[in-house]
1. So for chain A, averaging the separation of alpha carbon pairs under 8 Å that are six or more residues apart and normalising by length, what relative contact order in percent results?
2. Counting only other residues whose beta carbon sits under 15 Å from that of residue A:6, what net charge do I get with K and R as +1, D and E as -1?
3. On a 32 Å Cα-Cα criterion, which of the cross-link pairs A:18/A:52; A:62/B:165; A:52/B:174; A:17/A:92; A:37/B:190 come out too long?
4. Share of region A:15-127's accessible area from carbon and sulfur, percent, 1.4 Å?
5. Excluding residues fewer than 8 places away in the same chain, name every one of the aspartates and glutamates whose C-alpha is closer than 15 Å to that of residue A:22.
6. Accessible area per residue, 1.4 Å probe, Å², for region B:49-168: what's the number?
7. Can you give the mean number of other chain Cβ atoms that lie within 10 Å of the Cβ atoms in peptide B:260-271?
8. Enter the buried accessible area of the B/A pair, total of both sides, probe 1.4 Å, in Å² rounded to the nearest 100.
Amino acid sequence: MNAPDRFELFLLDEGQKKVDQKDETRVPNTAVFTFNKEDHTLANLLSQRLLKYPYITFSAYKVPHPLFATFELRVSTDGSITPKDAIVKCCKDVIGDLDTLNRSFTTEWLGKRIVSEGDAERAARERGDY
Amino acid sequence: MDPFDVEGGAINVRFLEANPTRAHFIIQNFNLETANSLRRYMLAEIPTLAIDVVEVLDNTSVLADEFICHRLGLIPLNSRGVDDLLYSRDCDCEGYCDNCSVVLTLNAKCTGNEIMKVYARDLVITSNPPNDAVGQPVITDREEQGSCIVKLRKGQAIHMRCIAKKGIAKEHAKWAPSAAIGFEYDPANKLHHLDLWYEGDDPKKEPVDQERINLDGGAPAEDEPFDYDAVPTRFFFDVETVGGLDPDQIVGRGIKGLQEKLAQVIHELTGTGGPEGDFGGAQSPTMNGGYNDAGYTTPGYGGGASSWGGNGGIVGGTTPYGQPTPGYGQDKPGW
């Protein structure tokens, strides 16, 4: 009865921004990004991927409350790049990876489909029902 | 070199099985976080069509109205071409219209002495959907009847108007495009990510999936020291569809959707491009995100690195991420 509407998990509220950036004043080159209406799908992808870059000194996320679809991503760099640019770069790289994956998937799927259809046809022929 | 990895370090896919209901494949040279995000995206965020509102005009069957309505919601509908429909909440109409919904009517009455079964095939589209495919009940059984909705005895009847809308599985599981997505890495547990349970006192007696272990480079040697730096690179996916979308469409849309999600983050952070300016109002996830403007287009795969290209100093990464694979079409738009 009191349950929040399920669409609140993925629809931004009126006037709400997807990402809010807040610079950490006590630590240099650090910012906390609050992503609204996103979950572990994006959070884990970004935080783990960021750790692979040499200029990232810290990257982690938390979901402040499990009932609210939001997460906070904290990113520190060594100063050669801003946290924001690091995330943008990271996103672009993941998009590139997915691009490669998509092309490989499409070609391999078509190839495998042709092969398995050929196999099925041959099996049908061998059974004698033309 | 790995005998199964003919691509020499680039991200690639190998199929184990491909048929109209199932895509069983391995992604090689990939990373765990992206693979898992893809899995989560395919499970929860791919739009499909499902019955969302039911107007009960007549129900004299033994099942309660809400019971039947729930069953109707779970019936898989053809979602090929669901992109031609708007989300109902984004549509200008009040309630529903042809641009954002498909109306199916179920009208059955038992007149004979035998018990009559009402099947999913008895759902008839009574609106004007944007294309021929979208909204048809999925029928894959040999008898071509689909799933059984109710049984009627003599004199009983049901008459319902079902309004099918576009949605995602995050809102309700009835919109899930896949029956199940198998996901596994490291079947031999060489990375010790799992602490496998075993019966008795000898873990070696437990059955193992030898076929998969062989596909993943074989079992570890007896005296092989534990590699603390090892990371999973090979991922087994088994995508099974409920019939609304083809398995390759599920994966394709999953990849595309995840890219759009990331493009939206880029757009939000850099403030470049974007067809709709700011993202003020409440919008559906796939509505926004500027993926067609200058900053987001890959300018032809054939001609040098894409705009996403470059390696970007990934630790130990010699893989040319985003580099074009020669031979693949130059004519691909967008991504």
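The values are calculated or read from the model by the stated rules, or taken from the named source; none is laboratory data. In this text the structure is predicted, and so the values were computed from the model without any measurement. Note that each Cβ is placed from the backbone with ideal geometry, even for glycine, and that neighbours are counted across all protein chains shown. Note: accessible area is taken over every heavy atom of the protein model, side chains too, but ligands, DNA and RNA are not part of it. Shrake-Rupley method; radii C 1.70, N 1.55, O 1.52, S 1.80 Å.
1. Answer for chain A is 20 percent.
2. Net charge around residue A:6: -1.
3. Those over the limit are A:62/B:165; A:52/B:174; A:37/B:190.
4. 54
5. Those aspartates and glutamates meeting the cut-off are A:72, A:85, B:268.
6. That works out to 52 Å² per residue.
7. Taking all residues of B:260-271 together, the mean is 6.
8. The contact between A and B buries close to 5700 Å².
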